[in-house]
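J.: Let me begin by handing over the structure; questions about it come next.
The values are calculated or read from the model by the stated rules, or taken from the named source; none is laboratory data. Since the model is a prediction, treat every value here as computed from it, not as a measurement. Positions of Cβ are generated from backbone atoms using ideal geometry, with glycine treated the same way; all protein chains shown enter the neighbour counts. In case anyone asks, the SASA skips ligands and DNA or RNA and just uses the protein heavy atoms, side chains included. Shrake-Rupley method; radii C 1.70, N 1.55, O 1.52, S 1.80 Å.
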Amino acid sequence: MQTLQPSAVADLLEPGRRVFVAGSSNEPQGLVEAIRQHSDCARGVTFLQFPLPGLNRTDLSALHPEAKQVTFFLTPDLRPGYAAGRVRFLPMHMRHVFDYLRTAALDLALVQVARDRRGELRLGPNADFHAALARSRTTRGTPLLVAELNHGIVAPAGAPRVDPGTIDYVVESERGALTMPPPVRDDTTAAIGRHVAGLIRDGDCIQTGIGAIPAAVLAALGDKNDLGLHGGLIDDGGVALIERGVCTGAAKSHLRGRHVAGMALGSHALFDGLAQRPEVVLAGADVTHDIRVIASIDCFVSINSAVEVDLDGQVNAEVVAGRQISGTGGAVDFMRGARLSQRGRSIVAMTATAGRGSRSRIVKRTSVVTALRTDVDLVVTEYGVAKLHGATQDARARALIDIAHPDFRGELAKRQGGSGFESEV
């Protein structure tokens, strides 16, 4: 492990190189800034990242006119580069991103590490893909691992340990953690949260995503007992349930008593708390998003959102009006794992309308299918719950119309060219 000055990072890049940059709450900001300060080193370089909106703000392709970026998630900050052809979107489920990176031709990997309260070296608050990079080093001898050792954060006690011998170069820094402000909840999201909470049973193991609806769901679970957590992330709401004794993991059939996530997203208080909670385990996407692991957890409930759901139950979670706005992500991994779990359920929760009420999220036909109609058990809006599992095609359409905004129900009922519903089988 050789220590470098930030300015020396530029010497590791050259035209034709492919460089993975860790994303979400573990983006190595100091390394990215070092490249920005010597931007000519990015000429001809292709960067790969799985960024999160509002957190990873750098369009890596904009570091040099001849740079490119491959992204697994299209954020607002990347849209100009995407429109210009510098950013290329790779649609891929989260679990498969792990396998892709394990075998991809990478030259460098830029990551962030920190020391825990005992001084041990660990990953920062995201473990999604690090193990894939380590396996790639074993099988291919690449990529070179360049780590930013951030003395400004304390590593989560449950983050994977990092062997210093696996790091080729280290750049030291002292920066605060990348935090995410709490989502803004309102009466609509609160109603959705209550509907979803009504579907959760004591002892269930739940997975939630990012945003106001997941926050509302977690806030509505205070009267539950012995819930488990296994998902792509843990946030302030999840930790609050642990602290209140609602989430104990005592009923989990896999990693009992442990709360498993790929990343931590939230406030400084969240990161301070995780530094003292070894029972919150950060793991790679080969664990958090693996269908076989999820299916082994009894009573697993996936809770995800959507841009729109059509009358067949197909889910679009990434495209609005023909415009790519996000990515495939990990929702389908969880949905399919939940469907295989004993007594598991797959829930999609969303507001009934978008565009300040101008557009229904229940539609006749989605433009892009992120999740199949067979991946979803229940759809929830502020108007109630549509139970799709075991329902015929027409029964599921009627159930979905019933939870659409009343202003759009009449038009939705005119499906199939106005001929109405087919007869029940």
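J.: Can you list residue pairs whose Cβ atoms sit under 9 Å apart, with the first residue in region 253-273 being closer than 11 Å to G232 by Cα and the second being of a type in the set (G, A, S) and open to solvent by 20 Å² or more (accessible area, probe 1.4 Å)? Count only pairs 6 or more apart in sequence or on different chains.
T.: A264/A177
J.: Another one. Can you tell me which condition G231 does not meet? The list is (1) surrounded by fewer than 23 Cβ atoms within 10 Å (Cβ to Cβ); (2) more than 30 Å from F408 (Cβ to Cβ); (3) among the small types (G, A, S), and all the others hold.
T.: With respect to (1) surrounded by fewer than 23 Cβ atoms within 10 Å (Cβ to Cβ); (2) more than 30 Å from F408 (Cβ to Cβ); (3) among the small types (G, A, S), G231 is out only on (1).
J.: Looking at R57 and the list (1) closer than 27 Å to D99 by Cβ; (2) without any contact (Cβ under 8 Å) to a residue 24 or more places away in the chain, which single condition is not satisfied?
T.: Failed condition: (1).
J.: In region 307-349, which residues are open to solvent by 10 Å² or more (accessible area, probe 1.4 Å), touching a residue at least 40 places away in the same chain (Cβ under 8 Å) and assigned to a helix (DSSP H, G or I)?
T.: Those that are open to solvent by 10 Å² or more (accessible area, probe 1.4 Å), touching a residue at least 40 places away in the same chain (Cβ under 8 Å) and assigned to a helix (DSSP H, G or I): A331, R336, L340.
J.: Inspect all residues belonging to region 369-376 and state whether any of them is part of a loop (DSSP other than H, G, I, E, B) and in contact with a Leu (Cβ under 9 Å, 6 or more places away or on another chain).
T.: Residues of region 369-376 part of a loop (DSSP other than H, G, I, E, B): 369-370, 372, 376.
This time we only want the ones that are in contact with a Leu (Cβ under 9 Å, 6 or more places away or on another chain), so: 376.
So far as region 369-376 goes, yes, one or more of its residues are part of a loop (DSSP other than H, G, I, E, B) and in contact with a Leu (Cβ under 9 Å, 6 or more places away or on another chain).
J.: Hey, can you tell me all the residues within region 351-368 that are under 12 Å from E308 (Cα atoms) and outside any strand (DSSP E or B)?
T.: T351, A352, R361, K364, R365, T366, S367, V368 - these are the residues of region 351-368 that are under 12 Å from E308 (Cα atoms) and outside any strand (DSSP E or B).
J.: Would you point out which residue out of A397, A386, A404, A391 is surrounded by 14 or more Cβ atoms within 10 Å (Cβ to Cβ), in a helix (DSSP H, G or I) and modelled with pLDDT of 95 or more? Lay out the reasoning, then the answer.
T.: Values: A386 fails: in a helix (DSSP H, G or I); A404 fails: in a helix (DSSP H, G or I); A391 fails: in a helix (DSSP H, G or I).
Answer to the check: A397.
J.: What number goes with the only condition from (1) in a loop (DSSP other than H, G, I, E, B); (2) under 30 Å from A317 (Cα atoms); (3) of a type outside the set (S, T, N, Q); (4) open to solvent by 10 Å² or more (accessible area, probe 1.4 Å) that I242 does not pass?
T.: (1)
J.: What's the total number of residues in region 186-213 that are farther than 18 Å from I234 by Cα, open to solvent by 50 Å² or more (accessible area, probe 1.4 Å) and assigned to a loop (DSSP other than H, G, I, E, B)?
T.: 4
J.: So in region 171-185, with the set limited to residues that are touching a helix residue (DSSP H, G or I) at 6+ places or on another chain (Cβ under 7 Å) and in contact (Cβ under 8 Å) with a residue 40 or more places away in the chain, which one is most open to solvent (accessible area, probe 1.4 Å)? Walk me through it before giving the result.
T.: Here is the first cut: in region 171-185, the ones touching a helix residue (DSSP H, G or I) at 6+ places or on another chain (Cβ under 7 Å) are 171, 173, 175, 177-179, 182-185.
From what is left, the residues that are in contact (Cβ under 8 Å) with a residue 40 or more places away in the chain are 171, 173, 175, 177-179, 182.
Values: V171: 6, S173: 22, R175: 86, A177: 25, L178: 29, T179: 54, P182: 111 Å².
That would be P182.
J.: Sticking with this structure for a sec: Which one of these does L229 not meet: (1) touching a Cys at 6+ places or on another chain (Cβ under 9 Å); (2) over 15 Å from L265 (Cβ atoms)?
T.: The single condition L229 does not satisfy is (2).
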